Amino acid sequence: MILYKKNIFFLLLVIFCISSKAQEDKPNILWLVVEDMSPYLSTYGNHYTTTPTLNDFAKKSVVFTNAFSNGAQCSPARSTLISSIYAPMLATDLHREKRAVPKEFYYPKYLKDAGYYCSNNSKTDYNANNGPKNIWTASNKKASYINREDKSEPFFSVFNYNGTHTKRIATKNTKQRDSRTIALDSVKLPPYLPDVAEIRDDIAWHYDAVNEMDGWIKSKLDELEASGEAENTIVFFYSDHGGCLPRGKAYLYDTGTRVPLMVRFPEKYRHLAGVKTPSTNNNLVGFVDFAPTIFNLLDVDIPDFMMGQPFLGKNLPEPKSEIFLYRANQEQNYIPSRALTTGRYKLIWNFNCAYPNGTRQSYQWQMPSYQGWDNANMKGEVNELQSIFWKPTEALEFFDTKTDPYEVKNLIDSEEHQDLIATMKTKLLDMMKKEKDLGLYPWSMRNRKNIIPFYNYVRETQQPVSSVIDAAAFSSTAKEKDIPKLKTYLKSKQSAIRYWGTIGILQLLERKLIHEIPEEINNNFNNEDENIEVRLLSAEVLIKHHQNPVALKYILSKVKDNHFIAYAVLQNLGNHAKPIEKDLIKLLENKKLNQFYLKSALINTGYMPYEELWKF
């Protein structure tokens, strides 16, 4: 009996020791995340910033040169980060338009189940309205691995820095910008931007923020060293999407989606990397791949729902040949785009090509640089290249980013590249259909108030997602000869398909490729039971075609109702809003209405000088 008890005791001791050893062998993961920053570092060839801490960090890290955020704005990009599912497939691609998401699609839950202390300090912004409260062990401004009670417990810890965020630059003017480190006349301007003072000021001020950010990185690395965990911790540094300068954040050009990414392995865990470390790594990496990579490094099973693949760790798959990129809106303006990039070649598909990239919106237009560019364009003080941003977008754009890093030479008609363009177009649409891209359903068609996630709804009700994608793709590239097919879209039972058929007519009208419009546009507008977005868009077509006063009155009524979609249509009427100018002036007295969009419309009609935009 005594011998038996001794054996049991010995067995339990062995199990405890093995378990403790396994726990000790688990690496920690630390994410240092900064906001709204392209690779503005000397490591990536930018010599305007001074970041000694990150320069040293890079020498000890795997530096990824082809890392992309997938989404071009914060909340959609972070939706992809937290789930490893592309935001359009969850219907979370509309920036700051929260939707219900299946509750199992949050990766920290699986790390917690694997024994990890998971802290987040402190930004979430996953674009979901039903996120579980216990996603993290701790998620607040004080959350840290430092606070875990059991110091032997492995951790996954996230810290977020917002000193580089757009809000630093969204100051409406350039006054009171002190403590500068970068001279305005020293910065280089991309060719698509005019040389105006506000643009130079914003660029220099943004670079100043990058310099300050380096001090935050140093404090976090020093804190890790002081905790005694540096030798046990794999450290990731990256930005949540591209920089906040004009034509950057919110656009699918590299300036909006390419991000810095460096991963430092301590000597103890370099064998886990699966790639040479330190090194420069040119493989394609997207945010959708981050969670699978963490799981692979920590030997945690990767859930089947994840759409990404690991880029570090054991048994790595073949590197990706393309990265999928997306965007949905500029505030009230619904202008969805998708893209594929090989790291060199990029195909962008702009589905709402009736509107320009330069659609005003009240947040980014607090940046003096956007105002300066916009105002210069209205005064005719820009060249042809710099004016493109303010014209309806091309449906398809194709760039060679090696020879054209600023993505200003659209090669979509280049004979040399037609085979590659055709292949990438097919791959893009096939991928969108296979994974059920829900991002081509406009706002009002996504059942926002329904507690059932739209992701589940379209599957349970067998919604024709592929047909909606096909309609959007066809309508964006339609020519006059395609009017018969657009008419079938306008008569569809599906409101989303009617919407895209209307976009097809509008983009043809904007390009002066048609002079008459189908009767179906009138029918949809006059149908009081029609979806509001289809009806508003139909009204815009009628006004731009023949200054229809009934349609103009309808848009005005929806503006008076403070319907946010109506503001976008009003703004994009341009000078066609002149007949309701007096009504708009009167509406300025109602401070509950969106003053920015009312003033924007009055600037377009010529009533209000541009300088009045931010005088409330």
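The values are calculated or read from the model by the stated rules, or taken from the named source; none is laboratory data. Keep in mind it's a predicted model, so treat the numbers as computed, not measured. Cβ atoms come from the backbone with ideal geometry, glycine included; neighbour counts cover every protein chain shown. SASA here: full protein model, heavy atoms, side chains in, ligands and nucleic acids out. Shrake-Rupley method; radii C 1.70, N 1.55, O 1.52, S 1.80 Å.
Quick notes on this structure:
- Rounded to whole Hz, the Karplus (6.51, -1.76, 1.60) HN-Hα couplings of the stretch 220-232, x for glycine and proline: 6, 5, 5, 4, 5, 5, 5, 6, x, 9, 4, 6, 10
- Among 604-613, 102-111, sorting by the average number of other beta carbon atoms lying within 10 angstrom of each residue, highest first, gives 102-111, 604-613.
- Highest-first packing order for the peptide set 223-232, 150-159 is 150-159, 223-232, based on the mean count of other beta carbon atoms within 10 Å.
- Applied to the stretch 577-584, the Karplus parametrisation 6.51 cos²θ - 1.76 cosθ + 1.60 on θ = phi - 60° returns per-residue 3J(HN,Hα) values of 7, 3, x, 9, 4, 4, 5, 5 Hz, with x for Gly and Pro.
- Relative contact order of the chain, defined on C-alpha pairs under 8 angstrom at six or more residues apart (%): 15 percent
- Accessible surface of the chain, 1.4 Å probe, proportion on carbon and sulfur as whole %: 51 percent
- Annotation: aspartates and glutamates with alpha-carbon distance below 13 angstrom to LYS485 (same-chain offsets under eight excluded): ASP470, GLU520.
- Average silhouette area of the chain, convex hull of alpha-carbon atoms, in square nanometres: 31.1 nm²
- Trypsin sites (Lys or Arg not before Pro) restricted to DSSP loop in the stretch 461-519 with at most 15 other C-beta within 10 Å: LYS479, LYS491, LYS493, ARG511, LYS512
- Within the same chain, lysines fewer than 8 places from LYS218 are excluded, and of the rest, those with a Cα less than 24 Å from its Cα are LYS59, LYS60, LYS123, LYS141, LYS142, LYS151, LYS167, LYS268.
- Loop trypsin sites (Lys or Arg not before Pro), the stretch 188-285 (other Cβ atoms within 10 Å of the site Cβ: 10 or fewer; DSSP): LYS188, LYS276
- Projected label distance in nm at TRP443 and ASN590, using a 7 Å step from Cα toward the beta-carbon: 1.6 nm
- Note, ³J(HN,Hα) from phi for the stretch 139-148, Karplus 6.51, -1.76, 1.60, rounded to Hz, x at Gly and Pro: 9, 6, 6, 10, 4, 6, 4, 4, 7, 5
- log₁₀ of I(q)/I(0) at q = 0.16, 0.18, 0.23 Å⁻¹ - the stretch 463-562, Debye sum with one point per alpha carbon: -0.62, -0.78, -1.19
- Counting only residues at least eight positions apart within a chain, or on another chain, the lysines with an alpha carbon under 22 Å from that of LYS391 are LYS249, LYS346, LYS379, LYS409, LYS479, LYS512, LYS544, LYS578, LYS599.
- Packing rank of 66-75, 346-355, 589-598, where each peptide gets the mean count of other beta carbons within 10 Å, highest leading: 66-75, 346-355, 589-598
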